[in-house]
């Protein structure tokens, strides 16, 4: 992990938890914002450059002894696929539609 951190190959964290209490609010962008207020934490994983975190952005806040710690992460992602686009042969369906008097 230390070598990956030195090389800038770490992307963030993954948290596995069971939600006990949460609330949602609407944002100006039209997306919902979720606040997990209580949870049972099951696991924490460090995400390296082989995986993409589930959420593109997240923040973690903790309040203890009057101090507020805030971590905000935003990840720019784009989908890349090596799989060639599959051509689907619709000719049988198009012929059936024509035979039944459809538009094709």
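At a glance:
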read-out: Potential extension, residue 50-residue 23 segment - 0.36 nm per residue separation minus Cα distance; value: 6.5 nm
read-out: Contour excess over end-to-end distance, with Cα ends at residue 43 and residue 91 and 0.36 nm allotted per residue; value: 12.3 nm
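Quick note: the coordinates plus some simple rules give every number you see, no bench work behind them. Just so it is clear, the model here is predicted, and its values are computed rather than measured.
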